[in-house]
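Structure, as structure tokens:
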Amino acid sequence: MTRRAVAQERAEANARAASPASARARDPFDDDLEDIDETPAQAAEPLGPDDLPFNPYKGNRGFTRAWHAMKNSLYGFRVAIREESAFRQELTLAAILLPCSLVVPVLPVERAALIASVLLVLIVELLNSSVEAAIDRISLERHELSKRAKDFGSAAVMVALGVCVITWGLILWPLVSPLASAWLARIL
């Protein structure tokens, strides 16, 4: 029996168990003492891969899965560009810094660090936007845990921006310091 068939069979069994007749027989708010079952409840076993209900969106394999993943990723970029002003600002910053990282005369490892620090900011901003969207989908009312989750995402973006600034500063300072000191000597 395939995983899909097992999952469908279990989902049907769960649906039958949740029918109104069986729910009426096991009503926890029933005040009749003679209906109380004295047998101890069994501990629930951890869910395995076959215990989950069948998901029709997870059936793609190989190239088809990669194709759909790429389409969804491009859609995510379009939505982030259209809806998230912070992502647009950081994308503008990346459009300036990435070409600069290719022109600056540094070692290849340093160039990779410059590029990676800029891309890290974009990655963390996308993750922050996904957390905010999930929180907003659950509820738009003010809640301390929702605020905390959004603040954690914002703090992660701030850390990524700090990493970017520190990386660029440490790599470019040896190149800029002789020029800056010569410029300051001419001014003073």
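All of the numbers you see were taken from the coordinates with simple rules; none came from a lab. Note that the structure is a prediction, hence the values are computed from the model and not measured. Backbone-built Cβ (ideal geometry, glycine too); neighbour counts: all protein chains shown.
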Residue pairs within 7 Å by beta carbon, gap of at least six or interchain, first lying in segment 107-121 and touching a residue at least 60 places away in the same chain (Cβ under 8 Å) and more than 14 Å from Gly162 (Cβ to Cβ), second assigned to a helix (DSSP H, G or I) and not basic (Lys, Arg), listed first then second, are Glu110/Ile171
Considering only segment 61-70, state which residues are in a helix (DSSP H, G or I) and surrounded by fewer than 10 Cβ atoms within 10 Å (Cβ to Cβ).
Gly62, Phe63
Filter segment 122-139 down to residues that are among the polar types (S, T, N, Q) and either surrounded by 12 or more Cβ atoms within 10 Å (Cβ to Cβ) or in contact (Cβ under 8 Å) with a residue 24 or more places away in the chain (or both) and give me whichever is farthest from Pro174 (Cα to Cα).
Ser130
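From the residues in segment 72-88 that are assigned to a helix (DSSP H, G or I) and in contact with an Asp or Glu (Cβ under 9 Å, 6 or more places away or on another chain), which one is nearest to Val118 (Cα to Cα)?
My answer is Phe87.
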When segment 73-82 is checked residue by residue, the ones that are touching a residue at least 40 places away in the same chain (Cβ under 8 Å) and out of contact with any Phe, Trp or Tyr (no Cβ under 9 Å at 6 or more places or on another chain) are Gly76
So which residues in segment 101-111 are farther than 11 Å from Trp168 by Cα and either under 28 Å from the mean Cα position of the chain (by Cα) or part of a helix (DSSP H, G or I) (or both), if there are any at all?
Leu102, Val103, Pro108, Val109
